[in-house]
Amino acid sequence: MKFTIAEDELNEAIQIVSKAISNRTSIPILSGIKLDADHQGLTLTASDTEISIQSFIPLERDERQIIELDVPGSVVLPAKFFSEIVRKVPTEQIEIEVTENFRTLIRSGTLEVQIVGLDPEEYPLLPQIDGNRIITLPSDIIKSMIRQTVFAVSSNESTPILTGVLWTISDGIIKFTGCDRHRLATREARFDSNQDIRANNIVVAGKTLNELQKILPDQNVLVDIVLSENQLLFKLQSVLFYTRILDGTYPDTSKLIPQSFQTELVVETKKLAEAIDRAYLLSREEKTNIVRMVMSDRQTIEVSSSSSELGKVTEQIHVNEISGELLKISFNSKYMLDALKVMDSEQIHIGFTGSMQPIIIKPADSTPLLQLILPYRTTN
């Protein structure tokens, strides 16, 4: 194999596929990136068996010559070293040549680097996905849905299914749900499809979705999501992102969400978040994160926290509206801050069904987003 390639294009592709490289792989060849050069271009592949990412670089793009191919071929190169070398080459062109026993020469200007490559025939094959069921969504919507739900998944590996985000699909609506037994986040979006696609137990690991979010473009680029029995494939521009679906059945969380409220309030998102953030400073010192909210009248709520060693923080906040019973409630300030950070609307609606029942937070606009937090029982 021998070709010359533009450094910026190769570096960008390496950064994308490297997100699938694990430091703790039990299969040595998976610590490498597979390169396949042919008369279409260069394909880079990386995998950790949970996720696999492929990035394709064409021979030319927008009338710019990116790759000059002399000899097609394949090789697997150690990801960390290869990535660092490409990032630090002295010129804008890189020549890569593979010789006997996959010994690889990388040349750039006066620099020449030799790397011991591996046999690409030993690299595991990518999953075969039957492309019958396809959902198409804009990349910015997928990013928002991940951002607004993935923080609520569990970090406890003893319940693996809760470390993922549940996907529910029916009637042209896709819904993401993250839950760790103390809080819950859901976000919905509409999609166009010629098929009546339904699914109710697709669970994707939260850490996988975080990696996907990093490579999704911010612009409104359409992404095809191909559904199969135990794999998902995301197709975007020149990148393919494969991920395994988690095994197990996700618990039914629908019964947690109250349908009516005893108390409702509307408040500015930023104002409430800043007040809780200040109260969090003391609650964090107590290692409880407990913050208390007291509705003193129809226009004001009091947010407070205390520390046996440091003292107390109390702040009055004007609210736009309070209806129903005035109540006192305590909650985990970190959970509340996490929920408020992903609210993109200027005002939020909070619903309560009592001091020991779930707190429901929604944007005041029509965004189909819901956050649930369980309150704390306190002695006073």
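The values are calculated or read from the model by the stated rules, or taken from the named source; none is laboratory data. Since the model is a prediction, treat every value here as computed from it, not as a measurement. No Cβ is skipped: glycine too gets one built from the backbone with ideal geometry, and neighbour counts run over all protein chains shown.
Remarks
- Matching residues, segment 130-178, being farther than 20 Å from TYR242 by Cα and in contact with a helix residue (DSSP H, G or I) (Cβ under 8 Å, 6 or more places away or on another chain): PHE151, ALA152, VAL153, SER154, SER155, ASN156, GLU157, GLY178
- Among the residues of segment 54-86, those that are over 17 Å from THR104 (Cβ atoms) and in contact with a helix residue (DSSP H, G or I) (Cβ under 6 Å, 6 or more places away or on another chain) comprise SER55, ILE57, ILE66.
- Residue match in segment 305-318 (condition: in contact with an Asp or Glu (Cβ under 9 Å, 6 or more places away or on another chain), loosely packed, with under 15 Cβ neighbours inside 10 Å and under 19 Å from LEU370 (Cα atoms)): no
- The number of residues in segment 257-283 being within 25 Å of ILE142 (Cβ to Cβ) and assigned to a helix (DSSP H, G or I) comes to 2.
Conditions (1) among the hydrophobic types (A, V, I, L, M, F, W, C); (2) closer than 16 Å to THR4 by Cβ; (3) assigned to a helix (DSSP H, G or I), marked per residue:
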| residue | (1), (2), (3) |
| --- | --- |
| GLU68 | no, yes, no |
| SER74 | no, no, no |
| LEU77 | yes, no, no |
| VAL89 | yes, yes, no |
| ILE94 | yes, yes, no |
| ASN101 | no, no, yes |
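- THR378 satisfies every condition listed in (1) exposed (fewer than 14 other Cβ atoms within 10 Å of the Cβ); (2) closer than 22 Å to PHE151 by Cα; (3) modelled with pLDDT under 95 except (2).
- Whichever residue in segment 243-293 is more than 22 Å from MET343 (Cβ to Cβ) and of a type in the set (Lys, Arg) and, among such residues, is modelled with the lowest pLDDT: LYS287
- Residue count for segment 143-161, restricted to those that are out of contact with any strand residue (DSSP E or B) (no Cβ under 8 Å at 6 or more places or on another chain) and under 16 Å from ASN201 (Cα atoms): 2
- GLU325 meets the conditions (1) more than 28 Å from the chain's Cα centre (by Cα); (2) surrounded by 18 or more Cβ atoms within 10 Å (Cβ to Cβ) in every case but one. The failed one is (2).
- Inclusion of GLY109 among residues that are at pLDDT 95 or above and crowded, with 17+ Cβ neighbours inside 10 Å is not warranted.
- Only one of the listed residues (SER22, SER31, SER47, SER26) is more than 19 Å from LEU236 (Cα to Cα), modelled with pLDDT of 95 or more and of a type in the set (Gly, Ala, Ser). That residue is SER31.
- Among the residues making up segment 77-106, those that are loosely packed, with under 11 Cβ neighbours inside 10 Å and farther than 19 Å from GLU9 by Cα are GLU100, ASN101.
- For segment 2-53, residues that are in contact (Cβ under 8 Å) with a residue 60 or more places away in the chain and at positive phi total 1.
- Of the residues SER305, SER345, SER323, SER366, the single one that is without any contact (Cβ under 8 Å) to a residue 12 or more places away in the chain and more than 21 Å from LYS255 (Cβ to Cβ) is SER366.
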